[in-house]
Amino acid sequence: MRFDRDYYRRYYLNPRTAVISRAEMRARARLIAAYALHIGLPVRRILDAGCGTGAMRSTLLRRLPRSIYVGLETSEYLCRRFGWEQGLIEAYQAQAPFDLVVCYDVLQYLDDKRAGAALANFARLCRGVLYCTVLTRQDWLHNCDRKRTDANVYLRAGAWYRARLRRGFREIGAGFWVRRGAPLTIWELETTGR
């Protein structure tokens, strides 16, 4: 099984080989919460799609204390260990939409069809802000630490993701997307202008 105990030990739990640090994930969660607060988004429901070990959970809940957190994960191992909801992000359905959806470095593990379906599903699941980052071809060539980054992924251009996300969201920048039609005011110079 690809996303088993050994995978998470290698890429997440062993500080010598981990692709992320706890400090980095706390900072990322603070950024996400700060952006939601900045634009006045009342966050009651958070979906962390492909939550992994849940590295952002406690910081998000501390910064957005009136919210509930749903961790969605495909890994049977992590669902048993942490109690996450097991499912696929491209097919996941919820009884109510989420104010904030987080998808951090997950989509590169899905082929084009599944990744496209996941991006379309985010537009159904999210009624406010989506925070979405993914390893792209450009990142692989110029930005990531290849010794720590899993190479067994689908590398696509950033434009591939943007074209699909723009169907349901407005790009703000820094990984943030606002759901089209959401009653949120975003100042012109706080967006990418596209």
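FYI, it's all coordinate maths here, none of it is from the lab. Just so it is clear, the model here is predicted, and its values are computed rather than measured. Methodologically, a virtual Cβ is constructed for each residue, glycine included, from the backbone with ideal geometry; neighbour enumeration extends over all protein chains shown.
A few comments on the model shown:
- Restricting the calculation to alpha carbons of segment 5-190 gives Rg and Dmax of 15.7, 46 angstrom.
- The modelled label-to-label distance between W187 and A159, using points 7 Å beyond Cα along the C-beta direction, is 3.2 nm.
- Extended-chain gain in nm, criterion 0.36 nm per residue less alpha-carbon gap, R166 and S21: 49.2 nm
- Length gained on full extension, R124 to D4, computed as 0.36 nm times the residue gap minus the Cα-Cα distance: 40.3 nm.
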